[in-house]
Amino acid sequence: HWWADLRRTLATLAATPTLRTHADQQRVSRRIHDTFGDHAESHVEQWETVHGDLHWNNLLHPQLGVLDWEGWGRGPAGTDAATLLCSSVLNPTTRRAVRSAFGDVLDTPTGRVAQLYATARLLHRVEMDHRHEFAAALREHASTLLNG
């Protein structure tokens, strides 16, 4: 039921109106193009309210809790699912669980852009920390998105 609770929580958040911005079109495009080149698709068709930094260190288990809210605001639909998926690239079992829970969000045009955006953001962090295995897995994930 933890996954269902997470899905419900993110759906409630997505529908919450706000004037706060996590990322606008310019920021998304710049991050994607700086990382993957100008040929990479970066147009966001759908926007929603997002946590903006939803990775495993910001989730509690066994009872769902979501931490670290300073970056929340409007962003590409699927940003949170995309960030969670990208944070799971080194764990195939967890990655499959995220895909199972959020595949309908991730497999949309905006969901794919959200994955590129999340990948670019995480690559910036992990390359600065010299986390080469994680960076290589993220680049492989991006390659599948970019090459269809």
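The values are calculated or read from the model by the stated rules, or taken from the named source; none is laboratory data. Just so we're clear, the structure is a prediction, and the values are computed from it rather than from any experiment. For accessibility, only protein heavy atoms count, side chains too; no ligands or nucleic acids. Shrake-Rupley method; radii C 1.70, N 1.55, O 1.52, S 1.80 Å.
Note that segment 49-148 presents 46 Å² accessible area per residue, ligands and nucleic acids not counted, probe 1.4 Å.
For Leu59, the residues 5 or more places off, or on other chains, whose built amide H falls under 5 Å of its own are Leu67. Scanning residues 5 or more positions from Glu48 or on other chains, those with amide H under 5 Å from its amide H are Gly75, Ala77, with H placed 1.01 Å from N in the peptide plane. Annotation: amide H of Ala40 has no partner in the under-5 Å range at sequence separation 5 or more or interchain, hydrogens built in the peptide plane. Carbon-plus-sulfur accessible fraction, the chain (probe radius 1.4 Å, protein heavy atoms only): 52%. How big, in percent, is the set of alpha carbon pairs in the chain lying more than 17 Å apart? Everything past 17 Å amounts to 58 percent. Translational diffusion coefficient, Stokes-Einstein: compute it for segment 76-148 using the Kirkwood radius over C-alpha pairs as Rh, at 37 °C and 0.692 mPa s, and state it as an integer in µm² s⁻¹. D, rounded to a whole number, is 274 µm²/s. Couplings 3J(HN,Hα) for segment 112-129, derived from phi with the Karplus relation 6.51 cos²θ - 1.76 cosθ + 1.60 (θ = phi - 60°), are 5, 5, 4, 5, 5, 4, 5, 4, 4, 4, 5, 4, 4, 5, 6, 5, 5, 8 Hz, where x marks Gly and Pro.
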